[in-house]
Amino acid sequence: MKYSTITKDSFEQHAVKPNIQDYHKMYREFSWDKISNDLSWFDKEHINIAHVAIDAHLETDRRNKKALVWESKKGKVEEYTFLELSRLSNKFANVLVKELGVQKGDRVFFFLERVPEIFIAILGTLKAGAVIGPLFSAFGPDAVKDRLADSEAKVLITSPALKKKIIEILPELPALQKVMLVNREKAPVDPDDLLYEKMMSNASDSFDTIKTHKEDYAIIHYTSGTTGKPKGAVHVHGAVVGHYTTAKYVLDLHADDIYWCTADPGWVTGTSYGMFGPWSNGVTQVVYEGGFSAKYWYGFLQRMKVTVWYTAPTAIRMLMKSGDELPNEYCFDTLRYMCSVGEPLNPEAVVWGEKIFGKAFHDNWWQTETGAIMIANYPILDVNPGSMGKPFPGIEPTILDDDYNELPPGKEGNLALKPGWPSMFRTYWKNDAIYQSRFKNGWYITGDKAKRDENGYFWFMSRADDVINTAGHLVGPFEVESVLIEHPAVGEAGVIGKPDPIVMEVVKAFVSLKDGYEQSEELKHDIQKFVKKRLSSAASPREIEFLPTLPKTRSGKIMRRLLKAKELGLPLGDTSTIDDD
Ligand code: ATP
Ligand code: MG
């Protein structure tokens, strides 16, 4: 076998010392109800995410601990303790309730850069009992309009620059009553603009958090739009039970950790694990305002003394693409644990991580709809490169055939989950029919294809819609892409099935080359030969097309449906989440 299986022994040599006793105890005694009771507030029916994340620490020695260390694009650092975040979010809750008339259940949306105010305002909104809706700051006007219209948001928090970008859509949103500007840049504003800074300075810093029931709606997250029009997955306050527990046992967060989650708050990872999971565990997290830059990221890991890092395959592939020399200039001594989510993590990336950082990336699987990590390579498990790991306690995944009957280990089918965990979505906003259609025979159908092996590890195969049928062989694009990026010239790859009159579909690969490689017919043949040798001739791309970059969603996922639509000259469908920087 090409990849070294990273054993528990080699893993422990890397100074990752999860307390195995703790894990065994956790497995033995696991109960969602018990954790929910521990995190609940004045009785076991009531819970508020912001209370669990922030205010619950105020009576402990974490009161004056740093909760957020933020670095601006220009290198300016700001620090906030749990107490400061509590007071500031109280102020914001007062602004919403007293000044803007926000009531429990109203939707408050955030179209903001990754600045401290987005964290403060989200926490304040949750304290006020309103429903948060975070949006990617890079969205264009149509993407923002679709989501604000669908959710009937009452308040929008944005910045002068971003408001300018969406100015023409604002009159088309009848439910939107107030737009508030966070003016860090001190840009010129209109006299009647509502200003965050001004309203906050007049607000009281004490607020009685609204007594939200654990089933009260708290969050609407629109899905990434990888497979179609984004859907508004609705989560409840009780979801924090899932965020807390998985952050503790999958991300292995401990009191002294310095944690960095690279996801944008516009995606569910950016809230579940960029706010609620780490803070409910009382952990300090660091945030970088800017986007991806290999140099900057390596420097940030070193400078901030990051110990636990949660990132995504697309970022790891970009780091790989930037070469193995650059990381030699930095020291990652403090880094003890690394996780990845969002797309399949190519085995090559796991091996690369071990080479560069001396430890493996731990892949885990979940969705906007699941609200928290469902399947993971835990710290105490042997990492199987290419596998997404084993189920979290209290989570029951299975593999179903197309009639929704369970399949034995080794068989590929539809990945499904037994409903009922706390962070599970409660509906798609105003789209209950699609929500209902995701349940069959008592299972939640995830829309992904996977298999389970004899040892209980789950292996992602593909999105249900992406499976390629070529001359009767079923080929998962991920498998082909993973081999493609092992080729020395290939930086990124996206694979689709292209209709063919004889074999039904042929495999077509879109490839972006690493710096220093030139496209040529010889290179194409070489890549084809490379895949054929490692997989099969059926899986080897019949066609290869070179592209400078691959189309991706804002959350960094390769959009195969767009590659396919372009290839077939079909309408592109919803492109609101495409990353077109
Ligand atoms: P949409 O539902 O709008 O098409 P999306 O499914 O990409 O978009 P998300 O909820 O952000 O929206 O992504 C969840 C999906 O991402 C999963 O269903 C799966 O296809 C993929 N995914 C996430 N983590 C992993 C992983 N570790 N391995 C493989 N695939 C993953
Ligand atoms: Mg999805």
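Each value in this text was obtained by applying a stated rule to the coordinates, not by laboratory testing. Note that this is a predicted model, so its numbers are computed, not measured. No Cβ is skipped: glycine too gets one built from the backbone with ideal geometry, and neighbour counts run over all protein chains shown.
Quick notes on this structure:
- Remark: segment 17-160 carries a charge dipole of roughly 340 debye about the Cα centre, counting +1 on each Lys and Arg Cβ and -1 on each Asp and Glu Cβ.
- Separation of alpha-carbon centers, segment 357-405 and segment 462-499, rounded to whole Å: 21 Å
- For a straight C-alpha distance cut-off of 15 angstrom, the aspartates and glutamates reachable from Lys145 (same-chain residues fewer than eight places away being disregarded) are Glu168, Glu172, Asp574.
- Against the main long axis of the alpha-carbon atoms of the chain, helix 20-29 sits at an angle near 80°.
- Bridging of Lys295 to lysines at a Cα separation below 25 Å is possible for Lys73, Lys74, Lys76, Lys305, Lys321, Lys355, Lys359, Lys514, Lys552, Lys557, once same-chain residues fewer than 8 apart are set aside.
- Per residue, the convex hull around the alpha carbon atoms of segment 166-274 comes to 215 Å³.
- DSSP beta bridges in segment 11-449 [antiparallel fraction, %, rounded to 5]: 45 percent
- HN-Hα J in Hz across segment 320-325 - Karplus 6.51, -1.76, 1.60, θ = phi - 60°, x for Gly and Pro: 4, 5, 7, x, 8, 7
- The helix-based estimate of mean residue ellipticity at 222 nm for the chain, built from -39,500 (n - 2.57) per DSSP H run of four or more residues and divided by its residue count, is -8000 deg cm²/dmol to the nearest 500.
- If you take all other residues with their beta carbon under 12 Å from the beta carbon of Ile49, and give Lys and Arg +1 and Asp and Glu -1, the sum is 0.
- Where labels lie 7 Å past Cα in the beta-carbon direction, separation of Lys295 and Thr334 in nm: 2.2 nm
- Ranked list, fewest to most other Cβ atoms within 10 Å of each Cβ, for Met318, Met461, Met275, Met180: Met318, Met461, Met180, Met275
- Partners for Lys91 among aspartates and glutamates (Cα-Cα distance below 16 Å; same-chain residues under 8 apart left out): Asp55, Glu99, Glu117, Glu197, Asp205, Asp208
- Compared with the dominant principal axis of the Cα atoms in the chain, helix 294-303 is inclined by about 50°.
- If you look at the Cα atoms of segment 433-478, you get an Rg and a Dmax of 13.1, 37 Å.
- Volume per residue for the chain equals 156 cubic angstrom (convex hull of Cα atoms).
- 0 to 90° range, to nearest 10: angle between helix 141-151 axis and the chain longest Cα axis: 70 degrees
- With the convex hull of its Cα atoms as the shape, segment 230-275 has an orientation-averaged projected area of 3.8 nm².
- Extension gain (nm, one decimal) between Leu547 and Tyr404, 0.36 nm per residue minus Cα-Cα: 47.6 nm
- Spatial extent of segment 468-568: Rg and Dmax, with the Cα atoms as the point set, Å: 12.8, 38
- Centre separation in Å (Cα based) which lies between segment 35-77 and segment 266-327: 20 Å
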